[in-house]
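Report on the following structure.
The values are calculated or read from the model by the stated rules, or taken from the named source; none is laboratory data. Keep in mind it's a predicted model, so treat the numbers as computed, not measured. Cβ: placed from backbone, ideal geometry, glycine included. Neighbour counts: every protein chain shown. To get the accessible areas, we keep the full protein, side chains included, count just its heavy atoms, and leave off ligands, DNA and RNA. Shrake-Rupley method; radii C 1.70, N 1.55, O 1.52, S 1.80 Å.
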Amino acid sequence: MTTRIIGTGSAVPNQIVTNDDLSKIVETSDEWIRTRTGIRERRIASAQSGTTALAIEAARKALENAHVAPEELDIIILGTSSADCCFPSGACEVQGAIGAVNAVAFDLSAACSGFVFALNTVHSFIKAGIYKTGLVIGADTLSKLIDWTDRSTCVLFGDAAGAAVVRAEEQGIIHLEMGADGSRGNVLECGGRTTGNFLTGQKPELGYMSMEGQEVFKFAVKTVPETINRLLEESQTSKDDIKYFILHQANYRICESISKRMKISMDRIPTNLENYGNTSGASIPLLLDEMNRAGMLSRGDKLVMAGFGGGLTWGATLIEW
């Protein structure tokens, strides 16, 4: 018995912010951003529509697509690094909003690898026979963690959510890989709330995201191919058998570099980051949902989903659709 994805859903904010819009607040241009990242625009959440609201919308769409009632869910995991509050968890808020009264719910933090980590975690519960039906969500609103005067980060990120309903079946996840290297965590980080109370005399303040772009680039183009190759080797699967490689949508140049290293045509590495930017934990399920609804996926197709991000973390999943 394994874990099969039986439905997908996604949600993005209505507000579109173009490269030209950003050129009015930082020294940049549409050409500068496009040539270095492939991004043309991104969606930015309003004060009334944060991580939880997007996750709820994506979850409802995934349940509808899967023809599964909320009461059938046994487990909900939300992969996010930008929850709206410390507690309750975003997953619990989703559970309450959709009426999944029988599901255990919790968040998982693995930055841009969040959806892959969450999917692999739910799969482990299903494979162990503990649960049968689950909801996996990747959702982030990194716009609230960005220093909008920092050109190196503010042009990259957008807000979104993606979700998948999974169920115990004979066909689905074939193999998985996950890894982490905490010794390099400082190359992509976001400070938490500073310690402040009446004893220290300091006021708590939130930190902002910082990134060493070249280090993240080198990490991604080396680690992702290594992880995918190991995934295929251990599962005795040829890369020629994979219809699509669904990669974390961080930067088009990263996708191109992975394509060249693995000798895979870009036709097999779909992208949508030109419209949404880097949506962190939402990027893979958002792209997967778009592909599913566009009729690009057929029963029996083999897919590889691979994510990488802060931690540093990385993970990949080989599935049969």
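Observations on the structure shown:
- Projecting label points 7 angstrom from Cα along Cα→Cβ for K243 and E274 puts them 2.3 nm apart.
- Expressed as a whole percent, the accessible surface of the chain that belongs to carbon and sulfur atoms is 48, based on a 1.4 Å probe.
- Modelled label positions at T149 and R34, each set 7 Å beyond Cα in the direction of Cβ, lie 3.0 nm from each other.
- Normalised alpha carbon radius of gyration of segment 1-57 [divisor 2.2 N^0.38 Å]: 1.59
- Binned Cα-Cα distances of segment 1-99, short to long, each 5 Å bin given as a whole percent: 2, 11, 17, 17, 15, 13, 10, 8, 5, 2, 0
- For the residue pairs K218/K239; K61/K222; K218/K263; K132/K302; K127/K302, alpha carbon separations beyond 27 Å are given by K61/K222.
- Each peptide in 134-141, 220-227, 31-38 was scored by the mean count of other Cβ atoms within 10 Å over its residues; highest first, the order is 134-141, 220-227, 31-38.
- Extension gain, D267 back to S46 (0.36 nm per residue minus Cα-Cα distance, nm): 76.1 nm
- When DSSP beta bridges are restricted to pairs lying wholly in segment 7-147, around 25% turn out antiparallel.
- Projected label points at H67 and K127, each 7 Å from Cα along the beta carbon direction, are separated by 2.9 nanometres.
- Available extension along the chain between S210 and E234 is 5.1 nm, counting 0.36 nm per residue and deducting the alpha carbon span.
- Peptides ranked, highest mean first, by Cβ atoms within 10 Å: ranges 80-86, 245-251, 175-181, 275-281: 275-281, 245-251, 80-86, 175-181
- Considering all different alpha carbon pairs of the chain, the Kirkwood hydrodynamic radius works out to 19.6 Å.
- Largest-first principal axis extents of the Cα set of segment 196-316 (Å): 61, 30, 25
- 5 angstrom amide H check on L108, placed H, neighbours 5+ away: L78, G79, T80
- The chain, relative contact order in percent, only Cα pairs under 8 angstrom and at least six apart counted: 26
- Normalised contact order of segment 68-202, rounded percent, pairs of Cα under 8 Å and 6 or more residues apart: 23
- As computed over segment 257-321, the Cα convex hull volume per residue (Å³): 106
- Extension gain, V101-C85: 0.36 nm per intervening residue step, less the Cα-Cα distance, totals 3.6 nm.
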